[in-house]
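Everything on this sheet refers to the single structure shown next.
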Amino acid sequence: MTAWSTAQLTEYFVAVNAAGSEEAAIALAVERAAEIVEAEIGLVVLGGRPRGAWGFGGAAPERDLLALSSAGGIVDIPGLGDVHAVPSQLGSGLPGALILGRLDEPFTPEERQTLQGMAQMLGAAMRGARALAAEQTLRADRERETRLVETLLAIQRGIVSRRPLQETFDAITGGAAELLGDAYVALILADPAPRVASSAGGVGPGDRPGNAARAAMDTGSLQVDEDEQGHAVIAVPVLVTGEIAGSLVARAGDAAGYHADQLEAFAQQVGLALTDARTVELVHEAHHDHVTGLPSRALFLKAFNGRPRAGVLFIDLDRFKAVNDSLGHDAGDQLLADVAERIRGCVRVGDTVARLGGDEFAVLLGDAHRDTAVATGERIIAAVREPFRVKGRTVYIGASIGAALPGADGNGSPDELLNCADLAMYRAKQDGPGRVVVYEPAMHAAALHYLSLRADLQRALAEGEFGLVYQPLVRLDAGSVVGVEALLRWNSPGRGIVAPGEFLPIAEESGLIADIGQWVLASSARQVAAWRRRRPGLTLNVNISGRELVRPGFVEDVTRTLAAAGLPTNAVTLELTESVLMSDPKPAVLALSRLRARGVQMSIDDFGTGYSSLAYLRDLPVDELKVDRAFIARTQLTGRDMALVSTIMELGHILGLRVVAEGIENQAQLDAVQRLGCSLGQGFHLHRPLDPAAIPPLLESPSLHRAA
Ligand code: C2E
Ligand code: CA
Ligand code: CA
C-alpha cells in the first residue's frame, strides 16, 4: 500500500476539495476511502449524527456504530455480520470521524495511517467548504487551498520522481512556512537523536518550539504553545506506519495565526516521504547509482567544487548493449557493477568515479595533465578489455574514452568540461573503438552543422521551402474534428523533410523565428478561414515560441494578420510552453493579456513537463492546458502513475481550463483519458498530422477517422 498512498492521497484530496459542498465532500470521501481500503461500509459521524452512509443498503446505521466514532472495534451490522471498524478523527474544530468497516480483515497500521490522512484532508475540505460559505473569507481560503494543493502536488511529484529526501523535506518546510503566513517551520526527526532535518521561514528558532516538538513526539498529538514574544507555536507529530518518527513545528510570524490542519497535511507528507524512503532506500539512490554504488551525475558535478584544475574522462562502453540484450538486464547490471569496480582500481586516490547513466561513466581527475589523463584512460581501457564472468559466461566488452582538460586560464564549468569530454568520446568511438581522445576545440562538428543549417534556414523562407501540416483536435466522445493544430515542416532541397525539433532551436537563436512565425500564422489563418466555410466552428491552434511573443509589435501583427485572413480572433488559440512563461514572465504575460483582450485564446503546451506552479497558472491569461504525451503514455500504467495524470487533469478542471490530451497513441490510452474526464484529444491514434488536402473530408463526417 505504501507504494501508491501518496499519489492516491493527493488525488483524493484534490477530488474532495473540488466537491463544492460539505455534503458532496463527505459522500465522495466515504466512497473513495472505502474503495481504496476495500471496505464494505463507510460513513462520517459528525456531532453524533451519521452522514454520507455508504454500503448499508439503505438501512440506517446502528446506534453502536455511532459509539465507534471514538473507539473502534468489531460491530455487528444487520444483514452484513461482524465488521471490523476503524474511526479516524476529522481534526481540529470538527467533532467527528470518518469510519470505515471491513468484513474479513482488520485494518493494517499502514491503512490506518492512510485513513487518518484522508480523514484530516476531509476535515480540511469541510472546513474549507464552511469557510467558503462565509462571504468575506471566500477568496483568501480558496487561494490557500489552491496553494496547499499545489504545494502538495509539487512535493508528491518530488517523491514520485525520487528526488533526494532532503529536497522533499525542504519543499515541505518551505511550503508550510509560506502557507502559514511566513511562519518559521522546522522538521525534527527523532532518529537516531532528535535533530532539525530542515527548516524554513521568517522568525528564527527560539527555545520553545523545541519544547512543543518534544511534547508532540512524546504524546503523538497536536501541541499548542506560546513563546516569550507571545507567538503561537504549534507542533504536530510525524507518523510512519503508526510510529512517531518526528515532529513538524511552526512558530507563527507577526502576520498570521496558524492553521493546524494544514500543518497536519504537511506532516502527513513527511510521513509518506519517509515511508517511501524506507521502502526503497531513497536517500542513497538519489545520490548514488544503485547498480554500481557510484555517485550520480549530480554528485559528480558537485565534486568539482574547489577543484578548478580538475579534468574529466568520459567513458562509454563498447558492445555493452549486446550483452544486455542477449543475457538480460540482471546480467547487464552485474557487468556494470564489475566494470565500476575495475575503473575504480585504475584511478588515483582523490579522483572521483561516477556513473552518468546507461553504460556511461566519468572520472574526475584531481590533477589533470594531458599525460596523466591519457595514461589513466588507457589503464581503464586495458582493464575493461579483460574478460568478465557474467552468469557463468565469459563476455568481452571494451571502452572508448574522451578526455577534457581545463583551459589554460582554468575556466570552463564542470558541465562544459563534461560536454567537451563527451564530444571527444564520440570522436574516439568513430576513430576507434578502444581509444582515448583528448578534446580539441576543432571538434566542434556540431557547431559546423549548426552553421550550415542556419545558412540554409536563412534562405528557406524566401525560397518557399516551408509548408504546414495539420493535426486534428478531436472531441473524444463524438470522434469529431473540432479544430486543427498547424505544424511546421521544412522541405529542404539538400536534406529532405526536416522536423521542427531540428531547426526550430536554430531559428529561435538566430532570430529567424519572427518571420517564420508570421508566415505560419498567416498561411494557417487563411487556410482555416477557407475550411470554415464548410465547417463554421472549426478552430486553429498555432505554436508560438517565446522569442516571438516578446517581440515588439507582435500583438498588433497577430491581430492584423487574422483580420486580413478573415479569421475571427476567438477561433484562434496560441500554444506556448511553460518554459516560455517561466523564463521571463512579465513581458510575456503582458503580451498574452493584450491578445486575450482581443479575443485570442491561450494554451499551455506540453503541460506537466515544466515547473509552472499552479498559483502562477491561476494568474495567467490561459484558456487551455495540453497535457504532455509523456503523461498520456503513463495512463497505461497503474497506481501512482495513473494518479499523477488524473491529478494533473483534475487540477486543470479545478482551474476552469479546457484540458487536451496530447499524443494519444492507442485505444487503451484513449479509453484511459476519457475515463479521467478528458473530452478533447490529439494523437496518432486519432489522426496523424496531415497534408491540407486530407483535412476537408474529415470535416464532412462526424465519425471518427483513424490513422492507418
Ligand atoms: P507540439 O506542439 O507538442 O506538437 C506535437 C508534436 O507531437 C508534433 O511533432 C506531432 O507530430 C507529434 N505528435 C502528435 N501526435 C503524436 C502521437 O500520438 N505520438 C507521438 N509520438 N507524437 C505525436 P512535430 O510536428 O515534429 O512538432 C514538434 C514541435 O515543434 C511541436 O511540438 C512544437 O513545439 C514545435 N512546432 C511545430 N510547428 C511549429 C510552429 O509553427 N511554430 C513554432 N514556434 N513551433 C512549432
Ligand atoms: Ca503544440
Ligand atoms: Ca505538445
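The values are calculated or read from the model by the stated rules, or taken from the named source; none is laboratory data. Every value quoted in this text rests on a predicted model; they were computed, and no experiment measured them. Glycine also receives a Cβ, built like all others from the backbone with ideal geometry; neighbour counts cover every protein chain displayed. In case anyone asks, the SASA skips ligands and DNA or RNA and just uses the protein heavy atoms, side chains included. Shrake-Rupley method; radii C 1.70, N 1.55, O 1.52, S 1.80 Å.
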Worksheet item: What is the one condition in (1) of a type outside the set (A, V, I, L, M, F, W, C); (2) modelled with pLDDT under 85; (3) open to solvent by less than 20 Å² (accessible area, probe 1.4 Å); (4) touching an Asp or Glu at 6+ places or on another chain (Cβ under 8 Å) that residue 321 does not satisfy?
Response: (3)
Discussion item. Looking at segment 478-487 only, could you name the residues that are open to solvent by 20 Å² or more (accessible area, probe 1.4 Å) and within 10 Å of ligand 1 (Cβ to nearest atom)?
Written reply: 487
Practice prompt. Tally the residues that are modelled with pLDDT of 95 or more and crowded, with 19+ Cβ neighbours inside 10 Å, restricting the search to segment 498-522.
Written response: 4
Discussion item. Looking only at segment 450-477, how many residues end up being open to solvent by 60 Å² or more (accessible area, probe 1.4 Å), outside any strand (DSSP E or B) and closer than 17 Å to residue 658 by Cβ?
Written reply: 1
Practice prompt. Could you check segment 298-385 for helices (runs of 4 or more DSSP H) lying wholly inside it with 2 or more residues that are free of Cβ contacts under 8 Å to residues at least 24 places away in the same chain and under 22 Å from residue 423 (Cβ atoms)?
Written response: 370-385
Item to complete: Would you check which residues across segment 489-520 are near ligand 1 (Cβ under 10 Å from one of its atoms) and in contact (Cβ under 8 Å) with a residue 40 or more places away in the chain and list them?
Response: 502, 503, 504, 507, 516, 519, 520
Fill in: Matching residues in segment 647-682 - criterion: being within 16 Å of ligand 1 (Cβ to nearest atom), open to solvent by less than 10 Å² (accessible area, probe 1.4 Å) and not hydrophobic (A, V, I, L, M, F, W, C)
669, 681, 682
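Say we look at segment 158-167 and pick out the residues that are assigned to a helix (DSSP H, G or I) and open to solvent by less than 60 Å² (accessible area, probe 1.4 Å); which of these is modelled with the highest pLDDT?
Out of the qualifying residues, it is 165.
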Item to complete: For residue 396, work out the one condition from (1) of a type in the set (Ser, Thr, Tyr); (2) within 39 Å of the chain's Cα centre (by Cα); (3) within 30 Å of residue 328 (Cβ to Cβ) it doesn't fulfil.
Response: (2)
Item to complete: Search segment 49-73 for residues that are farther than 13 Å from residue 84 by Cα and pair each with any residue that is modelled with pLDDT under 70 and surrounded by fewer than 10 Cβ atoms within 10 Å (Cβ to Cβ) when their beta-carbon atoms are under 9 Å apart and the residues are at least 6 apart or on different chains.
Response: 50/60; 53/60
Worksheet item: Looking only at residues in segment 55-90 that are modelled with pLDDT of 80 or more and within 15 Å of residue 119 (Cβ to Cβ), which one is surrounded by the fewest Cβ atoms within 10 Å (Cβ to Cβ)?
Response: 89
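Counting just the residues of segment 523-549 that are away from ligand 2 (no atom under 15 Å from the Cβ) and under 23 Å from residue 507 (Cα atoms), which one comes out most open to solvent (accessible area, probe 1.4 Å)?
Across segment 523-549, the extreme among qualifying residues is 547.
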Practice prompt. Exactly one condition in (1) under 20 Å from residue 459 (Cβ atoms); (2) touching a Phe, Trp or Tyr at 6+ places or on another chain (Cβ under 9 Å); (3) within 16 Å of ligand 2 (Cβ to nearest atom); (4) of a type outside the set (Ser, Thr, Tyr) is not met by residue 504; state its number.
Written response: (2)
Worksheet item: For segment 680-698, which residues satisfy the criterion of being away from ligand 3 (no atom under 16 Å from the Cβ) and part of a strand (DSSP E or B)?
Response: 690
Item to complete: Any residue in segment 590-619 that's under 24 Å from residue 642 (Cα atoms) and within 16 Å of ligand 2 (Cβ to nearest atom): show its pairings with residues that are open to solvent by 20 Å² or more (accessible area, probe 1.4 Å) and modelled with pLDDT of 90 or more at Cβ separation under 7 Å, as long as the two are six or more apart or on different chains.
Response: 603/623; 605/543
Worksheet entry | Condition check for residue 94: touching a helix residue (DSSP H, G or I) at 6+ places or on another chain (Cβ under 8 Å), part of a loop (DSSP other than H, G, I, E, B) and of a type outside the set (Lys, Arg) | yes
